[in-house]
Amino acid sequence: MARSLLLAFLLLFVSQSGCIWKLWTNDTPMEERVYDVYGTVQSISLDELIIQANDQELIFRMRPSSIKGGDLEPGTYVHVYYQMREDVKEVTMVVEKLG
C-alpha cells in the first residue's frame, strides 16, 4: 500500500514538474511579454500616446490593433498595457483607471 502511494506521488510529481518549474523561470520571449503602467495622458493620437508616470514621460506607439477604452483626453489617469518591439513600447490596450 505504501509503495503504491509513493509510486502514485512520484508519477504525479514528475508529470507536474514542468508546471512547477515554470514558476521559477520566465520562458516567454521578450516580444510576447505584456507590461503595464499607470500614468496621466499628456497627449494621444492615432499614432502615439504620451503619459506622465513616476516623474517621467513615457512614449508609446499606437498600432491599428491597439485597444483604446473610450475617449481619452489629456489629464486622464490611465492604465496602459504594452509590448516591447525593437525597443519601442507598443500599446496593446489603454483604459481609464477608475478609483
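The values are calculated or read from the model by the stated rules, or taken from the named source; none is laboratory data. Quick caveat, the model's predicted, so the values are computed rather than measured. Cβ placement follows ideal geometry from the backbone for every residue including glycine, while neighbour counts extend to all protein chains displayed. All accessible areas refer to the heavy atoms of the entire protein, side chains included, with ligands and DNA or RNA removed. Shrake-Rupley method; radii C 1.70, N 1.55, O 1.52, S 1.80 Å.
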Completion exercise
If we ask which residues in the range 43-59 are modelled with pLDDT of 95 or more, under 15 Å from LYS97 (Cβ atoms) and open to solvent by 40 Å² or more (accessible area, probe 1.4 Å), their number turns out to be 2
Fill in the blank from the handout: Expected output for the range 44-62 (first residue within 14 Å of HIS79 (Cα to Cα) and polar (S, T, N, Q), partner at pLDDT 95 or above and open to solvent by less than 90 Å² (accessible area, probe 1.4 Å), Cβ below 6 Å, 6+ apart or cross-chain) is GLN52/GLY39; GLN52/THR40; GLN52/GLN42
